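The values are calculated or read from the model by the stated rules, or taken from the named source; none is laboratory data. Just so it is clear, the model here is predicted, and its values are computed rather than measured. Here the Cβ positions follow ideal geometry from the backbone for every residue, glycine too, while neighbour counts run over all protein chains shown.
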Amino acid sequence: MLKLEEKKTQNGKLFQNGKFSQNKEASQNGKLSQNEGALNKENQQWKNWKWQLQHCVKDLETFEKLLGIKLPSDLRSSFGTVSAKFPMAATPYYLSLIDTGDLRNDPVFKQCFPVKEELEVLPSEMADPLQEDTDSAVPGVTHRYPDRVLFLVSNCCAMYCRHCTRKRRVGDPNSIPQRAVIEKGIEYIARTPQVRDVLLSGGDPFLLSTEYLDWILTELGKIPHVEVIRIGTRTPVVLPFRIDEELVEMLKKHQPLWINTHFNHPRELTASSRHALKLLADAGIPLGNQSVLLAGVNDCPRIMKSLVQKLVANRVRPYYLYQCDLSEGLNHFRTSVGKGIEIMESLIGHTSGFCVPTYVIDAPGGGGKIPVTPTYQISRSTNKVILRNYEGVITSYQEPACYQSEFCDRNCSLCKLQLATEDASECRSVGIEKLLADYDEEISLVPQNNPRHGRRH
């Protein structure tokens, strides 16, 4: 049991004698105070990110003790079996955000506590639904899109999210990428000139030491054709104290650098999280957010609108809203695609355009991210397009009668358009672009092993 002095957290709770106790002045009728208050400057231990990691909660007894609760019997009885397959880990900070007065409906609790539904594996679910391992050029590097790669540099997280698409890997001691593996990944990127964008993920890259992450960024920065580096991290949500002055000063050396966070609910935007985001934004680092649509957590137009507006107010651009992947044991988190469309309808036109994320399905089998949007084009004719807006207003757009597209044969030296093509890609088109291109003779895309072709003589 943790023996600590009475110390205030950001949500009005107290961390005392190894448990959280509700601050009466900050709580009313069992609900968390909406006013989180200022950070307690005396509580240096609480704000130490290494202390938070050292006291990460991984067992049922500590979980109950810290929150000062006794879990219902069904949650207690299934904990051991579920956590044996999919371990639990959560920082004391993140646990402090749980509303113990409404535990079963609490969005923070649902994201961090193992439940029996995770052991229900449907035939449609897979350990690696996105085939990240299959599309790995070298261990740890997934090269799916032509000009960018996913580089898994860590398997450690400050919290094991129950909805994680990489539950097979995160927390597995056999999946820790050794330095030699990282070096081979860097070597692959260096010898692959079409890679201009590198996304560091894991696990969480910010769980690496500042020095080690600095080394990785430095090595990638030496590669001439790498134009931008991105880092995906959930530390601003579950371990905001990791974003300190030392880390930020290091990151500033490696521009252009983009950081994507993972806020799923407005509750997660605490004073500490906002401070972490401010440090990053003030350093000139562009911030984005990738949310996952989760049943019982954020599958509500009002919640999602509140989230994206709060993100923008903290200089974070909503980037993606993911449909929950087909990873094992996530069926209880998945919503219908229709619910996602409903949420997008509630955002488009109803809030600022830069508040609206792109709703995507990361296609099973490694097909990549597919945008899914409401339908705004109703019909079209030779010279008119019929459209509707967010209000349901139906209008027409007159196509230009005089427009004549130039035939493109990819012979840019003879093109009449005055374009600076020094940096233009000369690679051939793929997919739908291939069918639309004048310079390609393909008229259809045919699935491999099409049965009709098998009947041909």
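Would you call residue 199 modelled with pLDDT of 95 or more, surrounded by fewer than 22 Cβ atoms within 10 Å (Cβ to Cβ), aliphatic (A, V, I, L, M) and under 30 Å from residue 298 (Cα atoms)? Considered against the rule, which asks whether it is modelled with pLDDT of 95 or more, surrounded by fewer than 22 Cβ atoms within 10 Å (Cβ to Cβ), aliphatic (A, V, I, L, M) and under 30 Å from residue 298 (Cα atoms), residue 199 comes out as yes. Put simply, of 298, 260 the only residue that is within 24 Å of residue 348 (Cβ to Cβ), modelled with pLDDT of 95 or more and assigned to a loop (DSSP other than H, G, I, E, B) is 298. Can we say residue 227 is under 24 Å from residue 132 (Cα atoms), without any contact (Cβ under 8 Å) to a residue 40 or more places away in the chain and surrounded by fewer than 19 Cβ atoms within 10 Å (Cβ to Cβ)? Spelling it out, residue 227 is indeed under 24 Å from residue 132 (Cα atoms), without any contact (Cβ under 8 Å) to a residue 40 or more places away in the chain and surrounded by fewer than 19 Cβ atoms within 10 Å (Cβ to Cβ).
Cβ-Cβ distances below 6 Å connect the following pairs, each with a first residue in the range 294-305 that is within 10 Å of residue 340 (Cα to Cα), a second residue that is small (Gly, Ala, Ser), and a separation of six or more residues or different chains: 301/346.
Only residues that are exposed (fewer than 14 other Cβ atoms within 10 Å of the Cβ) and without any contact (Cβ under 8 Å) to a residue 60 or more places away in the chain were counted across the range 351-372, and they come to 6.
Within the range 35-62, residues that are outside any loop (DSSP other than H, G, I, E, B) and surrounded by 14 or more Cβ atoms within 10 Å (Cβ to Cβ) reach partners that are at pLDDT 90 or above and small (Gly, Ala, Ser) with beta carbons closer than 9 Å, at six or more positions or on different chains, in the pairs 49/158; 52/158; 53/158; 57/89; 57/90; 60/80; 60/83. Any residue in the range 180-191 that is assigned to a loop (DSSP other than H, G, I, E, B), farther than 30 Å from residue 244 by Cβ and either touching a Phe, Trp or Tyr at 6+ places or on another chain (Cβ under 7 Å) or at pLDDT 90 or above (or both)? Yes - at least one qualifying residue is present in the range 180-191.
Hey, any hits in the range 308-316 for a residue that's assigned to a loop (DSSP other than H, G, I, E, B), modelled with pLDDT under 95 and touching a helix residue (DSSP H, G or I) at 6+ places or on another chain (Cβ under 9 Å)? Looking through the range 308-316, none of the residues is assigned to a loop (DSSP other than H, G, I, E, B), modelled with pLDDT under 95 and touching a helix residue (DSSP H, G or I) at 6+ places or on another chain (Cβ under 9 Å).
Which members of the range 388-404 meet the condition of being surrounded by 10 or more Cβ atoms within 10 Å (Cβ to Cβ) and aromatic (Phe, Trp, Tyr)? Across the range 388-404, the qualifying residues are 390, 397.
In this entry, residue 212 passes the filter for residues that are in the same structural domain as residue 275 (by TED's automatic domain parsing), surrounded by fewer than 17 Cβ atoms within 10 Å (Cβ to Cβ), over 26 Å from residue 307 (Cβ atoms) and aromatic (Phe, Trp, Tyr).
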